[in-house]
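K.L.:
I am attaching a structure below and will ask some questions about it afterwards.
Please treat every number below as a calculation from the coordinates, not as lab data. Being a predicted model, the structure only gives us computed values, none of them experimental. We place every Cβ from the backbone using ideal geometry, glycine too, and count neighbours over all the protein chains shown.
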Amino acid sequence: MTDTKITLPESEIPRHFYNIVPDLPNPPAPPLHPGTREPIGPEALAPLFPMGLIEQEVSAERFIEIPDEVRDIYRLYRPSPVFRARALEQHLETPAHIYYKSEHVSPVGSHKLNTALMQAYMNRQEGVKRLATETGAGQWGSSLACAAQLMGLECMVYMVRVSYDQKPYRRHMMRTYGAEVVASPSTLTEAGRTILAQDPNSPGSLGIAISEAVEDAAKRDDTKYALGSVLNHVLLHQTIIGQEAMKQMELAGEYPDVVIGCHGGGSNFAGLAFPFLRDRLSGARPTLRAIAAEPASCPSLTRGKREYDFGDTIGSTPLMLMHTLGHEFVPAPVHAGGLRYHGSAPLVSHLLADGHIEAEAYVQGDVFRSAVTFARCEGTIPAPESSHAVHSAIQHALAAKAAGTPTVILFNLSGHGHFDLTAYESYLNGTMDLNA
Ligand SMILES: *Cc1c(COP(=O)(O)O)cnc(C)c1O
């Protein structure tokens, strides 16, 4: 019997990020200036991001080296284990082999720290002293707060007002890591003051918080902005997940037929799937299926149109070609807050358009039923976001049972749900909107 927990030594932490761009059959479309609709050059991003990250954003190199200092900090939690979900397989009575990559073991409880550390490092290399960002429920904010502290930077987080009031724990976490956290809209920025003048009781939104963080970074010489998903360089940093998982599956003596990640902005899905998709694109594994699982309430990949759209809600970012529901789309308030994004990563969207990946959408009642099943079999309580991947994996395991085929399934457990227990409470108490 192979191990239940497939681990790698720290020496196997990847030395490079994998950039899928040079392996794409068609080149990705460039971002456009929102006014002129002309392709923008790297210099347009310079007020917000350090040059090193902008270079990664537009890079055509297949492998980009991970600095030793970042690898040393990755040792705190990497390589993350791959688990064989034996109890879940038995419960489902499926011939499928189900594996999951456990990104919930990071100190902040999700994959987001992988890119936060790299972004903080690249900023510090260029003399940046302070990072500004937005956060909704607080997953990204707590990751950046932790990374900034570990890299010796200050961190300023604009947290959406409703979450600030209703979800205090991640706010305390950010402050524990030394970050300054304000409710957005705040009186610290022009954008925040304008909103507050119109509505002193504004609950805020991710769009408003982005505007505040961007303004903060644009106004101060010592400060840059950081984004937790969607952009090419963020997806790039997450590919350490898939690279480790490939070695771990090799140790297990298997190659997955299906790899699955939940999809909000696309970074944890891409992180797991892109290294495997390299094999599909090269022709080595032409039948590999990569599946992005999204909420039915925010179905950008399954129901959105692929067109140029803004990355934020107020329309201030460059235009990106992506599957989108429109930047003014407001999804139902489902519990998977990290998946409530109107668009998708341009690279993920590109692969979907070319037929190299698939997308599925699920309602939250089904997602939480699977999340509870998973917790009861495997012990770990998954984040509501990650539970979309759990649910998809269970669907594919049941399909394998119906067809009698021994499918190998690998999914990404992007985070744990310890700060999301009110969502579980509403499911267990029967007050959740199951069809949302
Ligand atoms: C933020 C988040 C997501 C969604 O973001 P992606 O960029 O799509 O990965 C998924 N899972 C967890 C646990 C998150 O915190």
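K.L.:
Calculate how large, on average over all directions, the projected area of the Cα convex hull of region 315-354 is; give the answer in nm² to one decimal.
P.N.:
On the way: hull surface 13.3 nm².
Spelled out: convex hull of the Cα atoms, projected over all directions, averaged, 3.3 nm².
K.L.:
If you project the alpha carbons of region 233-298 onto the principal axes, what extent comes out on each, in Å, largest first?
P.N.:
Here the Cα extents, ordered largest to smallest, are 37, 23, 22 Å.
K.L.:
Just order 118-125, 322-329 by mean Cβ neighbour count inside 10 Å, highest at the front, would you? Provide the component values of the computation, followed by the final result.
P.N.:
On the way: 118-125: 23.6, 322-329: 20.2.
The packing order, highest mean first, is 118-125, 322-329.
K.L.:
Whole-Hz ³J(HN,Hα) for each residue in region 372-388, computed from phi via Karplus 6.51 cos²θ - 1.76 cosθ + 1.60 with θ = phi - 60°, x for glycine and proline: what do you get?
P.N.:
Here the 3J(HN,Hα) series is 5, 4, 4, 4, 6, 8, 9, x, 7, 8, x, 4, x, 4, 4, 4, 5 Hz.
K.L.:
With contacts defined as alpha carbon pairs under 8 Å and 6 or more residues apart, what's the relative contact order of the chain in percent? List each step's numbers first, then the result.
P.N.:
On the way: 956 pairs, mean separation 82.5, N = 436.
Relative CO of the chain lands at 19 percent.
K.L.:
Answer with one residue from 333, 242, 253: the one whose Cα lies farthest towards the positive end of the charge dipole of the chain, charges on Cβ with Lys, Arg +1 and Asp, Glu -1.
P.N.:
Sorting the options by dipole projection puts first 253.
K.L.:
What is the extension gain from residue 57 to residue 428, computed as 0.36 nm multiplied by their sequence separation minus the C-alpha to C-alpha distance, in nm to one decimal? Mind showing how you got there, number by number?
P.N.:
On the way: separation 371, 0.36 × 371 = 133.56 nm, distance 4.27 nm.
Extra length from residue 57 to residue 428 when fully extended: 129.3 nm.
K.L.:
Restricting to Cα pairs below 8 Å that are 6+ residues apart, what does the relative contact order work out to for region 192-282? Please round to a whole percent.
P.N.:
Computed value for region 192-282: 25 percent relative contact order.
K.L.:
Taking just the alpha-carbon atoms of region 271-316, what radius of gyration and Dmax come out, in angstrom?
P.N.:
Rg, Dmax (Cα atoms, Å): 14.9, 43.
K.L.:
Near the amide H of residue 381, under 5 Å away, which other amide H atoms are found, from residues 5 or more places off or on another chain, if H is placed in the peptide plane?
P.N.:
It is 417, by chain and number.
K.L.:
Using Cα-only point scatterers and the Debye equation, what is log10 of I(q)/I(0) for region 1-112 at each q in 0.11, 0.16, 0.17, 0.18 Å⁻¹, rounded to two decimals?
P.N.:
-0.61, -0.97, -1.01, -1.06
K.L.:
Counting only other residues whose beta carbon sits under 12 Å from that of residue 337, what net charge do I get with K and R as +1, D and E as -1?
P.N.:
Working: positive: 167, 170, 340; negative: 385, 420.
Residues close to residue 337 contribute a combined charge of +1.
K.L.:
While we're on this one: Taking only the alpha carbons of region 164-277, what extent do you get along each of the three principal axes, in Å, biggest first?
P.N.:
Answer, in whole Å and largest first: 61, 31, 27 Å.
K.L.:
Multiply the residue separation of residue 316 and residue 2 by 0.36 nm, subtract the distance between their alpha-carbon atoms, and state the gained length in nm to one decimal. Before the final figure, lay out the partial values.
P.N.:
Values: separation 314, 0.36 × 314 = 113.04 nm, distance 5.15 nm.
Extra length available between residue 316 and residue 2 comes to 107.9 nm.
K.L.:
Return the distance in nm (one decimal) between the two label points of a simple spin-label model at residue 169 and residue 421, each offset 7 Å from Cα along Cα→Cβ.
P.N.:
Inter-label distance under the simple model: 0.6 nm.
K.L.:
Explain nothing, just the number: dipole magnitude of region 19-153 about its Cα centre with +1 on each Lys and Arg Cβ and -1 on each Asp and Glu Cβ, in debye rounded to the nearest 20.
P.N.:
Working: 12 positive and 15 negative charges, 90 e Å.
Value, rounded to 20: 440 debye.
K.L.:
Please compute the length gained on full extension between residue 188 and residue 44, using 0.36 nm multiplied by the number of residues separating them and subtracting their Cα-Cα distance.
P.N.:
49.4 nm
K.L.:
Helix 139-150 versus the longest principal axis of the chain: what is the Cα-based angle in degrees, 0 to 90, to the nearest 10?
P.N.:
Roughly 70 degrees between the two axes.
K.L.:
Something else: Rg to Rh for region 285-346: what is it, with Cα atoms only and Rh by Kirkwood? Provide the component values of the computation, followed by the final result.
P.N.:
Working: Rg = 12.6 Å, Rh = 12.3 Å.
When Rh is taken as the Kirkwood radius, the ratio is 1.02.
K.L.:
Which distance in Å, rounded to a whole number, links the C-alpha centroids of region 1-61 and region 141-165?
P.N.:
A separation of 23 Å, based on Cα centres.
K.L.:
Counting only helical runs of four or more DSSP H residues, what would the 222 nm mean residue ellipticity of the chain come to if each run contributes -39,500 (n - 2.57) and the total is spread over all its residues? Each step should come with its number before you reach the end.
P.N.:
Working: 16 runs with 176 residues, N = 436.
Using -39500 (n - 2.57) per qualifying helix, the result is -12000 deg cm²/dmol.
K.L.:
Please name which of 386, 35, 118 has its Cα lying farthest along the dipole of the chain towards the positive end, using unit charges on Cβ (Lys, Arg +1; Asp, Glu -1) and the Cα centre as origin.
P.N.:
The residue sitting farthest along the positive end of the dipole is 386.
K.L.:
Output the antiparallel fraction of DSSP beta bridges having both residues in region 226-363, as a percent to the nearest 5. Don't skip to the end; give the middle numbers.
P.N.:
Values: 6 of 16 bridges.
About 40 percent, rounded to the nearest 5.
K.L.:
Quick one: the Cα spread of region 301-436 along its three principal axes, in angstroms, biggest first?
P.N.:
45, 37, 23
K.L.:
Going by amide H atoms built from the backbone, whose H comes under 5 Å of the H on residue 408, apart from near neighbours?
P.N.:
97, 257, 258
K.L.:
Something else now. Please state the Cα pair-distance histogram of the chain with 10 angstrom bins from zero: what percent is in each bin?
P.N.:
5, 23, 35, 27, 10, 2, 0
K.L.:
Near residue 394, within a Cβ-to-Cβ distance under 13 Å, what is the net charge of the other residues, with Lys and Arg +1 and Asp and Glu -1? Could you put the intermediate results ahead of the total?
P.N.:
Numbers: positive: 369, 376, 401; negative: 89, 93, 360, 366, 378.
With Lys, Arg at +1 and Asp, Glu at -1, the neighbours total -2.
K.L.:
Using Cα pairs closer than 8 Å and at least 6 residues apart in sequence, work out the relative contact order for region 364-422, in percent. Intermediate results must be reported in sequence, preceding the final value.
P.N.:
Numbers: 62 pairs, mean separation 22.3, N = 59.
Computed value for region 364-422: 38 percent relative contact order.
K.L.:
By DSSP, what percent of the beta bridges with both residues in the chain are antiparallel, rounded to the nearest 5?
P.N.:
On the way: 18 of 51 bridges.
Beta bridges within the chain, antiparallel portion: roughly 35 percent.
K.L.:
Given R₀ = 25 Å, FRET efficiency for residue 126-residue 76 by Cβ-Cβ distance, to 0.05? Working shown, then result.
P.N.:
Working: r = 24 Å, r/R0 = 0.96.
Result of the calculation: an efficiency of 0.55.
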